Structure formats: C-alpha cells, structure tokens
Amino acid sequence: MIDTSKTVVRFAPSPTGFLHIGNLRPALFNWLFALQNGGEFILRLDDTDTERSKAEYAQAIERDLSWIGIDAHRKARQSDRIASYDAAAARLREAGLLYACYETPDEIERRRKRLMARGLPPVYDRAALRLNEADKAALEAEGRKPHWRFLLPNFDGDPFATRRTQVHFTDLIRGEQTVDLASMSDPVLIRADGSYLYTLPSVVDDADMGVSHVIRGGDHITNTGVQTALFKALGVDIPDFGHHNLLQDASGAGLSKRIGSFSLASLRDEGFEAMAVASLAALTGSSRSVTACASMSELADRFDMTGASRSDARFDAIELQSLNERLLHEMPYGLATERLKAIDADLGEPFWLAVRPNLEKFSDVEEWARIVRGDFEPIAQDQEDETFLSRAKELLPPQPWSDTVWQDWTTDLKSSTGRKGRALFMPLRMALTGQQHGPELAALLPLIGWEETVRRLP
Ligand code: GLU
C-alpha cells in the first residue's frame, strides 16, 4: 500500500540530451521540496522515445545530479514499465477513450495548414472516429499502422460537438489555473510504431508510484489539463501540481539555445562549485535574493517554492562567478580538506585561510600550493630592487619567528631603506611568490618559512 500522507515527488527528464542549468531547475524544485517535507524523490527517466533516448545521456544525468548533490531515493525508467502502460491503454480502449487514427504526418500537417489559413485553431477534427471496422481493415491492408489518440472529455454526447470544458486546479506556485480542453486536439498517446509518447506513461507512473506532487516547468500547464483528464479516466488519484517559471539567459533568450555553455558538465569542467550552480538555478526568479548557499540543507532553508514569480527568470552568468567566489572565500577548512588532499594541495588550515580570498575557482589553490612550496619561475627585478632585496635578506628576523614576523621585518626595512608602500612590498611579493598579486604576505611568510625565504632572496 502506498502511504498517501507522504510527500513523493519525481524529476522526470528524457535522456535525449545533457542536463543544463535550465532543466536543473525542476530537479532542484522537487529535491528541495522533498527535503523540506521529509519526502521521497524519484528520478524517473522518460525514455519511451527509443530513437532519441541514449544510455550515454541517462548516465550523464545521474552523474550530473550526483555532482549537484541530488541523490534519488528511488529510480525508475519508463522503458521497464511498458506492460503497465499497455494495461492502462487497454482500459482506455475498452472505455472507448483511445481510438485508432490512420492519417500520415503529411496529411495531418496539410489539414493543420488548411485550418490555419482559414483563421481556425488547428485542432484535430476526430475524423478517425467516423471510421468503421471495414474502413480500418482497408487502411491496414494498405500497410497503414494506427496511432492512438485519447478522446478528451470535452463534449456531452456527440464528440463532434465540443463544448467549453475547463479543468481547474490550484497550482502550488501560480495559484488558481484553468485549462480549456475544448481548444485542444485529442493527444496522441501511442505512435504508429507502437511506442508511447510521454503523456500516458507519466500519468500511469505518477499513480503507481504514489507521486503526491508534480512539480515541473510552466511549459507543461496544458499537459496538466490533459493529464488530469487521464487520471480521471483511469480512476486514480490526481496529484497536486506546481509549475515553475523557466530560466532565461540575461538577454532573455531561452536557455536551450545555449545549452552547451550552460550544461552541468561544462560548468563542472570549468570548475564552478556545485552549490553555486544549485543556488543560482533554484533561487533565480523568486522573492528571495540569490545568495550562495554552502549546502543543500541551507538552500532548502532559503528556498520558498510558493514565492517563485510567474514571469520568466533571468539568469545571469556573471552572478554565477560571484556566487562561486563567495562560496570559496567563506569555505571552512573542514569542507575543503578532502578536496585539497585530492589535488595534493593540503598545506594545512592557515594556508587555506590565507589563500581562499584569492580564489576564483577551487583549482586556483593548486598554484598557491606550488608557490608556497617554491615551485615557480622567479621574476627578474631591476638592480635597485635587487639591492633592496639583499638588504631585506639581512634584516629577515632569525628563527623562531613570532606571530608578528612580517610586521617586524617590514618595519625594520622601512626605516632602514626609506621605502614604503608599493616600493617596499612589490619587490618582496615578486621575490617570494613570483606574482604581482596574491594573498596577504603576512599570512604567506610563515607558510613559506625562514629557509625558503632566505633562498628566494638574492
Ligand atoms: N519528460 C518530461 C519532460 O522532460 C517530464 C515532464 C514532467 O515532469 O511531467 O519535460
């Protein structure tokens, strides 16, 4: 028995491409909603389109979600559940709600164009309902295979006299919504090759898996009208629905056009923190300002699904960079340790605290570890600076160093050479790090140590 008091959500991508920041949004909305309600999250692969679905994409989806920190409680794939869809289709057929159509794609397209040319909505006219058994047998003898449409409940007795049929639902995000079934074509549920389109399998799965809340993009509102009719036709419980706004890039273009640059795989390869990507994908276009949340539980505390606005959410790539830096600049050593070890850059907590304010990407830390270890190309300095650096070497405080070694050293150098500001610090920075910019030298000097400092000065 399914416990219906429980929150059960699902993220249902079709494995026909890679996840990008736009379709991460429904994944996160479901995941965060499940976290907030102690619910269950199902990853369901909508892979009934066998031509376009690829194992490579299915694997990539799982890898990308796990990088983000989404770890499904249950997994399912539609290609394993065809028998359940066949059973549901048989029930619809018996009830006279699923009917065979024989028009070719070309014929459908010609009819559509004719209607549009006359200024009429391109709605399928249910011509196939007029076919009798002999007509169908003749068409099949010609080699035609039927595709199957669901007879929408938008008429009283005569299916050719449709009437306004409003489906009302209270959207978790948008409030009261209405979809009129009269203005739609009967949806094709089964293709001529026998494969299922997503519409029916999704309803069967949501019912069988006890899905309590269907949270998905605003482009599915019409589907919700159709699917509500299917839930009713099958006599199963109807879940609650929530439709979030879609992400657009800063220019207002839909993200799908630039998928490559915002695919999760490419963001990961570019070194963005998963939580920077997740914070942006979940919080953009809501009443909450976009802040960098360091963990999923922090993001779940901040996330308010009902506060998502209805208009499209503009996503700004520049913001991703600044969220990323904020996460790195505040990342505690405990959270960084394993990752530092993995790239052989764990030089202890003082090192991490010294360099983290200078990181744009986590991997930048490798360079600073190399620099502290002395593995860098020295920069040639002019004669005057070389003389200054020799003097610095003479004045370097002996070991053991106190906590104020940098201040003591530079104060002495200042009074001994008369240099101050940039003229004092830049030659030291270049000699000690081979760089013109970087973390506070006061913090780096003790990490470099007396011996190495002496070695780096002329
Ligand atoms: N496979 C559908 C899609 O990716 C799922 C929509 C839904 O969540 O019902 O758009």
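Only the coordinates and a few stated rules stand behind these numbers; no lab work does. Since we're looking at a predicted model, the values are computed, not measured. Cβ placement follows ideal geometry from the backbone for every residue including glycine, while neighbour counts extend to all protein chains displayed.
Worth a mention:
- Restricting the range 60-123 to trypsin sites (Lys or Arg not before Pro) in coil, as DSSP defines it, with at most 16 other Cβ within 10 Å: Arg118
- The slack between Ala137 and Arg310, meaning 0.36 nm per residue of separation minus the straight C-alpha distance, is 57.4 nm.
- Degrees separating the helix 274-283 axis from the principal Cα axis of the chain, which is the longest one: 50
- Modelled spin-label separation between Glu451 and Ile318, with each label point placed 7 Å from Cα along the Cα-to-Cβ direction: 4.8 nm.
- Over the C-alpha trace of the range 1-160, radius of gyration and Dmax come out as 20.8, 57 angstrom.
- FRET efficiency estimate (nearest 0.05) - Cβ-Cβ, Glu366 to Arg52, R0 41 angstrom: 0.55
- Across the cross-link table entries Lys6/Lys75; Lys145/Lys232; Lys393/Lys420; Lys113/Lys145; Lys54/Lys113; Lys54/Lys341, which are compared at the Cα atoms, the separations over 26 Å belong to Lys145/Lys232; Lys54/Lys113; Lys54/Lys341.
- In the chain, the DSSP beta bridges split such that about 50 percent are antiparallel, to the nearest 5.
- Net +/- balance of residues flanking Ala274 in space, Cβ distance below 11 Å, scoring K and R +1, D and E -1: -1
- Helices in the chain, meaning DSSP H runs of at least 4 residues, each add -39500 (n - 2.57). Divided by all residues, the mean residue ellipticity at 222 nm is -14000 deg cm²/dmol.
- Among His244, His147, sorting on how many other beta-carbon atoms sit within 10 Å of each Cβ, with the fewest leading, yields His147, His244.
- DSSP-assigned coil residues among trypsin sites (Lys or Arg not before Pro) in the range 170-216, each with at most 15 further Cβ atoms within 10 Å: Arg191
- Burial order of peptide ranges 374-381, 428-435, 9-16, 360-367 (average beta-carbon count within 10 Å, highest first): 9-16, 428-435, 360-367, 374-381
- Radius of gyration and maximum dimension Dmax of the range 141-242, Cα, Å: 14.7, 51
- Cα-based helix-to-principal-axis angle, 333-342 vs the chain, degrees rounded to 10: 90
- Counting only alpha carbon atoms, the long axis of helix 105-117 and the longest principal axis of the chain meet at about 90°.
- Relative contact order (%) - the chain, alpha-carbon pairs under 8 angstrom, separation at least six: 14
- Net charge of Cβ neighbours under 10 Å - reference Asp193; Lys, Arg +1; Asp, Glu -1: +1
- Contour excess over end-to-end distance, with Cα ends at Gln59 and Arg112 and 0.36 nm allotted per residue: 15.2 nm
- One quarter of the convex hull surface built on the alpha carbon atoms of the range 326-434 amounts to 8.0 nm², the projected area averaged over directions.
- Fully extending the segment from Asp86 to Thr404, taken as 0.36 nm per residue of separation minus the present Cα-Cα distance, adds 106.8 nm.
- Neighbour counting of Cβ atoms within 10 Å sorts the residues Val123, Val204, fewest neighbours leading, into Val123, Val204.
- Note on His329 and Thr222: with the Förster distance fixed at 45 Å, the Cβ-Cβ geometry gives a FRET efficiency of about 0.50.
- Taking label positions 7 Å along the Cα-Cβ direction at both Asp269 and Leu129, the computed distance is 5.2 nm, reported to one decimal.
- Neighbour-limited loop hits for GluC sites (Glu not before Pro), the range 31-136 (at most 11 other Cβ within 10 Å; DSSP other than H, G, I, E, B): Glu51
- Viscosity 1.002 mPa s, temperature 20 °C, Stokes-Einstein D of the range 396-458 from Kirkwood C-alpha radius, µm²/s: 178
- Set the Cα radius of gyration of the range 93-151 against 2.2 N^0.38 Å, with N its number of residues, and you get 1.22.
- When Rg and the Kirkwood radius Rh are both evaluated on Cα atoms of the chain, their ratio Rg/Rh stands at 1.18.
- Least to most buried among Thr228, Thr104 (fewest other Cβ within 10 Å first): Thr104, Thr228
- Computed label-point distance, nm, for sites Arg74 and Arg163 using a 7 Å Cα→Cβ extension: 3.9
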